[in-house]
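Just below is one structure, and these are the notes that go with it.
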Amino acid sequence: MPDTLSVTDNRTGKKYDIAIENDTIRASDLRQIRVKDDDFGMMSYDPAFMNTAPVKSRITFIDGDKGILEYRGYPIERLAEKSTSFLEVAYLLIHGDLPKENQLEEWRTNVKMHTFVHENIKKLMEGFRYDAHPMGMFISTISALSTFYPEAKEIMDPDARRKQIHRLIGKVPTIAAFAYRHSKGLPYVYPSNDLTYAGNFLNMMFKIGDSKYTIHPTLEHALTVLYILHADHEQNCSTNTMRSIGSSYVDPYSSVAGAAAALWGPLHGGANEAVLRMLDEIGSMDRVPSVIKDVKEGKMKLMGFGHRVYKNYDPRARVIKKLADDVFEVTGKNKKLDLALELERIALEDDYFVKRKLYPNVDFYSGLIYEAMGIPMDFFPVLFAIPRTAGWLAHWQEHILDPEQKIARPRQVYLGQRGRTWIQIDKR
Ligand code: SDX
């Protein structure tokens, strides 16, 4: 049987054979379907891209029904268990293969050479109010970085591109930690290049004065695994934003700032903050039944539950749930974990959730770990953006090098009025 879709337009009786590739048809092949010869031709209407693939990618694979997530073909569970460093996984996402010893060393050195920010960045951050949301500071400062590196606009120059990738992966933890220190009125702690990627971040966040900050190995490992789990997730809202902005050939700093803005939304990367606020609001076990009732009556969403792609347990949530036990061994149990476990237990049995295939997602447990590590709630989306920068950059590079891609410019279904006559204001 040929790889084609045969359609009949019953308005005209005409038949069309449309090629099928990768179990997909090209939307542009629909344009041949028209009633009158001078019609524009047929389009597909797909709000929120519920069933549209605007790109071909080789970076991350998800099977939402089976709860499978793979970075460049490696199962996320294996990477979380076997990889000893976030930078090893960041290399995999950007280059396509796990690095050899020497490649990882060179990559690590290149990133570490770029952990410092220009001193003027500190002055720029001083302009924020003491209570500015750290994600707002993060997004603005990343965008400002584009003014320090004008050569970043040479996006088709592989050396310039490589250098901006090193700079962004190196600097995002520094900018994030500076935002935290600014909000606490604490002096900035400069990066230490003899620490791991996660350890350096914790040191910049929590080191006080000249006393050595002792990085607890369990917390450093937990943060490394959380970074690995959050590094990429195929065409999520913020990655789609990164590709769309990048398709105009603007510099990668401006694209990352836009992607981070999309991630900030409570339906996306802002959900882990929303989960903690929801658990705080619930307060105690006896309020759980009324909360579940409110959710089922559509009065609120159970934050940290549900997913556009996963109609099964998010494999990342499974890993994080196990990680939470290790962290709470060190930091002491967080009573909100019991609340979260009870909400999950009820939701996984309740028909409202089962029918809608609503399972805990990556955000349901991650906030509990961050809070136990002493990180404030409004900082959670920034913690999501740090590792996701590697995923955004991998997709950005794949997009601008894809010969099939052009500037993103969707069509629309226009339902508004046409050809109206001007009316003078005194006649309206
Ligand atoms: C992330 O895309 C990604 O990959 C994102 C991410 C990544 O790594 O980049 O995985 C990270 O963003 C995880 C998601 C974090 N967001 C939340 O936890 C917020 C709460 N979740 C929902 O807002 C929702 O589930 C979404 C936004 C995640 C997905 O929404 P969809 O795919 O648009 O699904 P939908 O809103 O159409 O929901 C289908 C039904 C609806 O009910 P009906 O109208 O059919 O009766 O399920 C209901 C929704 O009301 N529903 C929920 C719910 N999520 C969906 N009901 C209660 N609580 C929820 N959390």
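Exposure check, 1.4 Å probe, all protein chains in place: Ser28 carries approximately 80 Å² of accessible surface. Sparsely packed loop sites in segment 269-342 (the GluC sites (Glu not before Pro) outside DSSP H, G, I, E and B with at most 14 other Cβ atoms within 10 Å) comprise Glu297. For the listed peptides 36-46, 232-242, a ranking on the average number of other beta carbons within 10 Å per residue, highest first, reads 232-242, 36-46.
Computed over protein heavy atoms with a 1.4 Å probe, the accessible surface of segment 278-372 works out to 47 Å² per residue.
If the elastic network links every pair of Cα atoms under 10 Å, which of Ser85, Ser254, Ser211 fluctuates the most in the Gaussian network model of the chain? Top of the fluctuation ranking is Ser211. A 1.4 Å probe, protein heavy atoms only, puts the accessible area of Ser6 near 90 Å². In the chain, carbon and sulfur make up what percent of the accessible area (probe 1.4 Å)? So the carbon and sulfur contribution to the accessible surface is 53 percent. Membrane-span-like helices of the chain, defined as complete DSSP H segments with a Cα extent of 18 Å or more along the helix axis and a mean Kyte hydropathy of at least 0.0, are identified as 217-230, 335-349, 380-400.
Our summary gives segment 1-45 a relative contact order of 26 percent, counting only alpha carbon pairs under 8 angstrom and 6 or more residues apart. Rounded to two decimals, the Cα radius of gyration of segment 258-303 over 2.2 N^0.38 Å is 1.33. Label-to-label distance, Trp422 versus Asp350, with points set 7 angstrom from Cα along the beta-carbon direction: 5.8 nm.
Taking all protein chains together and a 1.4 Å probe, the residues His118, His307, His395 rank His118, His307, His395 from largest to smallest accessible area.
Spin-label model, Lys293/Leu5: points 7 Å from Cα along the beta carbon direction are separated by 4.6 nm. Return the loop-located trypsin sites (Lys or Arg not before Pro) in segment 289-377 (DSSP other than H, G, I, E, B) with at most 16 other Cβ atoms within 10 Å of their own Cβ; answer none if there are none. Taking segment 289-377 and a limit of 16 other Cβ atoms within 10 Å, the loop trypsin sites (Lys or Arg not before Pro) found are Lys299, Lys301, Arg308, Lys311, Lys333, Arg356, Lys357.
On a per residue basis, segment 94-216 carries 49 Å² of accessible surface, using protein heavy atoms and a 1.4 Å probe. The alpha carbons of segment 278-372 occupy a box of 38, 30, 18 Å along the principal axes, longest dimension given first. What is the log10 of I(q)/I(0) for segment 1-70, computed with the Debye formula using one identical point scatterer on each Cα and no solvent, at q = 0.14, 0.20, 0.22 Å⁻¹? After summing over all Cα pairs, the log10 values are -0.60, -0.99, -1.10. Each listed q (0.13, 0.17, 0.18, 0.19 Å⁻¹) maps to a log10 I(q)/I(0) for segment 346-399 from the Debye sum over equal C-alpha point scatterers, namely -0.54, -0.75, -0.77, -0.80. Summary value for segment 278-372: 44 percent relative contact order, contacts being C-alpha pairs under 8 angstrom separated by 6+ residues.
Net length available on complete extension from Lys184 to Thr84 is 32.9 nm, with 0.36 nm assigned per residue and the Cα-Cα distance removed. Extending 7 Å from the Cα toward the beta-carbon at both Tyr414 and Glu21 defines two label points whose distance is 3.0 nm. Amide H to amide H, with H built 1.01 Å from N, Gly265 comes under 5 Å of Gly270, counting only residues 5 or more places away or on other chains. Separation of segment 1-65 and segment 271-319 by C-alpha centroid, Å? The two parts, judged by their Cα centres, are 36 Å apart. Taking the Cα atoms of segment 203-249, the ratio Rg/Rh between the radius of gyration and the Kirkwood radius comes to 1.25.
Here segment 233-257 is scanned for amide nitrogen atoms under 17 Å from the site 7 Å beyond the Cα of Ser28 along Cα-to-Cβ, giving 247-248. Projected over every direction and averaged, the convex hull enclosing the alpha-carbon atoms of the chain yields 28.6 nm². Surface analysis of segment 1-45 yields an accessible area of 81 Å² per residue, using protein heavy atoms and a 1.4 Å probe.
Only protein heavy atoms count here; on that basis, with a 1.4 Å probe, Met137 has an accessible area of about 0 Å². Please work out the FRET efficiency for the pair Arg129 and Arg277, using the Cβ-Cβ distance as r and a Förster radius of 22 Å; give the result to the nearest 0.05. My answer for the efficiency is 0.60. The value of relative contact order for the chain, using C-alpha pairs under 8 Å at least six residues apart, is 19 percent. Close amide H contacts of Ile68 (hydrogens built in the peptide plane, cut-off under 5 Å, sequence separation of 5 or more or a different chain): Asp63. For the set Leu383, Leu219, the ranking by accessible area, highest first and with no ligand, DNA or RNA atoms included, is Leu219, Leu383 under a 1.4 Å probe. Across the protein chains, with a 1.4 Å probe defining accessible surface, the residues Trp396, Trp264 rank Trp264, Trp396 from largest area downward.
The values are calculated or read from the model by the stated rules, or taken from the named source; none is laboratory data. If you're wondering where the values come from, they're calculated on a predicted model, not measured in any experiment. Glycine also receives a Cβ, built like all others from the backbone with ideal geometry; neighbour counts cover every protein chain displayed. Protein only, heavy atoms only, side chains kept; ligands, DNA and RNA dropped before computing areas. Shrake-Rupley method; radii C 1.70, N 1.55, O 1.52, S 1.80 Å.
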